[in-house]
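The values are calculated or read from the model by the stated rules, or taken from the named source; none is laboratory data. Fair warning: this is a prediction, and the values are worked out from it, not measured in the lab. Here the Cβ positions follow ideal geometry from the backbone for every residue, glycine too, while neighbour counts run over all protein chains shown. Surface accessibility is based on the protein's heavy atoms, side chains included, excluding ligands, DNA and RNA. Shrake-Rupley method; radii C 1.70, N 1.55, O 1.52, S 1.80 Å.
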Amino acid sequence: MAEVLSKLGIKEVNAGATTGTVWFDTKGDAIESYSPVDGQLIGKIAQGTWDDYEKIIAKAQDAFKTWRMVPAPKRGEVVRQIGNALRENKEALGMLVAYEMGKSYQEGLGEVQEMVDICDFAVGLSRQLHGFTMHSEREKHRMYDQYHPLGIIGVISAFNFPVAVWSWNAMLAMVCGDVVVWKPSSKVMLCAVAVHNIVSGVLKANGVPEGVLNLIAASSKYVGDDFIADKRVPLISATGSTRVGKHVGKIVGERLGRSLLELGGNNAIIITENADLDMALRAVVFGAVGTAGQRCTSTRRLIIKDTVYDAFKEKLVKAYQQVKIGNPLDANILVGPLIDKDAVKSFEHAIAEVKREGGNVIYGGEVLSGEGYESGCYVVPCIAEAKNSFRIVQEETFAPILYIMKYSTMDEAMEMHNDVPQGLSSAIFSRNMLETERFLSHEGSDCGIANVNIGTSGAEIGGAFGGEKETGGGRESGSDAWKVYMRRQTNTINYSTALPLAQGIKFDF
């Protein structure tokens, strides 16, 4: 790990603020980053303060004036080079993501690959920031709409994807002509420092203005609600819990700013009697225990047809018994630790609550201790029989707990599926087109993501990512999600010598 940290430029004490090419001598209280893998201190971050933030905003404002006028394909060329720099550092950055956050090394590599993929997507996008043309009702008039850069984009990222979520926002924002200020989770700040160490060389080599990509690594003690309320930041993109998202949305809404919210999920898979049960099993296990249940798209509810319920439950328990738990840097390990001991407490609380409400734990739920588990953050993924109406089932617990329940009719399955406050990801396993098409129809899944014969997690960057209801309604990554980072303008050009009014209004004088 020492070699990895050295390659990524991680020191014993790291600065907590940069304007992309210049690091500040930050003086805020040091945050110590301990690995949930083994409890060891990785490094410290001298937090950025509000004074550092003000300097960053000033630089960002100046940089935006220059960056927005750089042709979009040239902005895309810089992003292409950032993608190459990430490729060169994929193994090291993936290792740090795994060690600081606790996900498996394979998942860490996958997260960095997402960064590379979104760079590739953004490069192509830089030549496709197109609007529409419309026919005017007035003679010799032309109408069209176009998109202009928005300004400073504030990105607040969560611990579970410490680098990928930033890239989803930052790479699109860059090709759109925006500048970015990143406030990472206090639990994984070293990953953010490493990313900026990687991209700074690309920015310098291309003469990118200081202030295009900025980092303020600080807790709310120094940079909190004032950042969210800052009118100089027209868009706040926040990833986190529904509770945090409601707080962010309220503050941004009061100033009539824009917010892109990616919040909680309570994702379900419906397994019908027409499903390939072996294929469904693989999807369920990865969706439920991958990243130790700490994905917003993790599978949390399993709605199973009563005729196959017992058979699938038996398969599921056997599969869980084979899941290896331990150091996520070991290639043979599938489940690493939770992020910290507070997450372990939430795990234990949820299990106690489902039992109190009448549920039945059929596998797992223990906290592991002893050799290899010294950090106190390792748990055995839990399977619990429950009712969809249980209060704890209606909530999102960011841990590997899978609630299973049975249904008898498709009407019942869809009602159970949609009867939660969240609406992020969803899936159905069936080889019956009548069932799958209904799931995708207007009366089907009410989630932003709806899959057939694949699980709830592992979304590709080509599609817009996000959800409905208490998931916040935001969309990041692919499709036309780029539009949120720009301001839309409708243009009408009169190339005649007359001045007709729309709707045939006469106004002669």
Revision key, fill the gap. For the range 306-357 the number of residues that are under 22 Å from Leu41 (Cα atoms) and among the acidic types (Asp, Glu) is 3
Check your understanding: What number of residues within the range 120-173 are assigned to a helix (DSSP H, G or I) and aliphatic (A, V, I, L, M)?
Key -> 9
**Study point:** Selection from the range 362-383 of residues that are farther than 19 Å from Leu329 by Cα, more than 27 Å from the chain's Cα centre (by Cα) and touching a residue at least 24 places away in the same chain (Cβ under 8 Å)
**Key:** Ile362, Tyr363, Gly364
Check your understanding: Which one of the conditions (1) touching a strand residue (DSSP E or B) at 6+ places or on another chain (Cβ under 6 Å); (2) among the polar types (S, T, N, Q); (3) open to solvent by 10 Å² or more (accessible area, probe 1.4 Å) does Asn214 fail to meet, given that it meets all the rest?
Key -> (3)
Revision key, fill the gap. Flagged in the range 452-492 as assigned to a loop (DSSP other than H, G, I, E, B), free of Cβ contacts under 8 Å to residues at least 40 places away in the same chain and open to solvent by less than 40 Å² (accessible area, probe 1.4 Å), in numbering order, are Gly463
**Study point:** Cross-chain or 6+ apart pairs with Cβ under 8 Å, the range 133-144 first and over 13 Å from Asn494 (Cβ atoms), then in a strand (DSSP E or B) and open to solvent by less than 60 Å² (accessible area, probe 1.4 Å)
**Key:** Thr133/Met143; Thr133/Tyr144; Met134/Met143; Met134/Tyr144; Met134/Asp145; His135/Met143; Tyr144/Asn491
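How about the range 181-216: which of its residues are of a type in the set (A, V, I, L, M) and free of Cβ contacts under 8 Å to residues at least 40 places away in the same chain?
Once the filter is applied, which keeps residues that are of a type in the set (A, V, I, L, M) and free of Cβ contacts under 8 Å to residues at least 40 places away in the same chain, the range 181-216 yields only Ala192.
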Study note, to complete from the structure: Of all strands (runs of 3 or more DSSP E) fully inside the range 1-116, the set with 3 or more residues that are touching a helix residue (DSSP H, G or I) at 6+ places or on another chain (Cβ under 7 Å) and touching a residue at least 12 places away in the same chain (Cβ under 8 Å) is 13-18, 41-47
Review point. Taking the stated definitions as given, is Gln128 open to solvent by 20 Å² or more (accessible area, probe 1.4 Å) and under 22 Å from Arg295 (Cα atoms)?
Key: no
**Study point:** Members of the range 281-294 found to be closer than 20 Å to Met101 by Cβ and in contact with a Lys or Arg (Cβ under 9 Å, 6 or more places away or on another chain), listed by number
**Key:** Gly287, Ala288, Gly290, Thr291, Ala292, Gly293, Gln294
Review point. Restricting attention to the range 106-115, does a residue exist that is buried (at least 23 other Cβ atoms within 10 Å of the Cβ), small (Gly, Ala, Ser) and farther than 22 Å from Gly16 by Cβ?
Key: yes
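Yes or no, residue by residue, for (1) closer than 25 Å to Ala158 by Cβ; (2) among the aromatic types (Phe, Trp, Tyr); (3) assigned to a strand (DSSP E or B):
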position	(1), (2), (3)
Tyr320	no, yes, no
Val323	yes, no, no
Pro328	yes, no, no
Ala343	yes, no, no
Glu353	yes, no, no
Gly365	yes, no, no
Gly370	no, no, no
Review point. So how many residues does the range 351-366 have that are more than 15 Å from Val289 (Cβ to Cβ), open to solvent by 90 Å² or more (accessible area, probe 1.4 Å) and touching a strand residue (DSSP E or B) at 6+ places or on another chain (Cβ under 8 Å)?
Key: 1
Exercise for review: Report, by residue number, each residue of the range 317-350 that is in contact (Cβ under 8 Å) with a residue 24 or more places away in the chain, open to solvent by 70 Å² or more (accessible area, probe 1.4 Å) and more than 26 Å from the chain's Cα centre (by Cα).
Suggested key: Gln321
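Condition check ((1) open to solvent by 10 Å² or more (accessible area, probe 1.4 Å); (2) in a loop (DSSP other than H, G, I, E, B)) across all residues:
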site	(1), (2)
Ile404	no, no
Ala413	no, no
His417	no, no
Ala427	no, no
Thr436	yes, no
Glu443	yes, yes
Cys447	yes, yes
Ala450	yes, no
Review point. Looking at the range 302-309, is at least one residue open to solvent by less than 40 Å² (accessible area, probe 1.4 Å), more than 21 Å from Asp276 (Cβ to Cβ) and not charged (D, E, K, R)?
Key: no
**Study point:** Unmet criterion (only one of (1) over 24 Å from the mean Cα position of the chain (by Cα); (2) open to solvent by less than 20 Å² (accessible area, probe 1.4 Å)) for Arg68
**Key:** (2)
**Study point:** Where Asn84 falls short, out of the listed (1) more than 24 Å from the chain's Cα centre (by Cα); (2) open to solvent by 10 Å² or more (accessible area, probe 1.4 Å); (3) closer than 26 Å to Pro209 by Cα
**Key:** (1)
Revision key, fill the gap. Taking the range 174-223 and keeping only residues that are of a type in the set (Lys, Arg) and assigned to a helix (DSSP H, G or I), one is left with Lys204
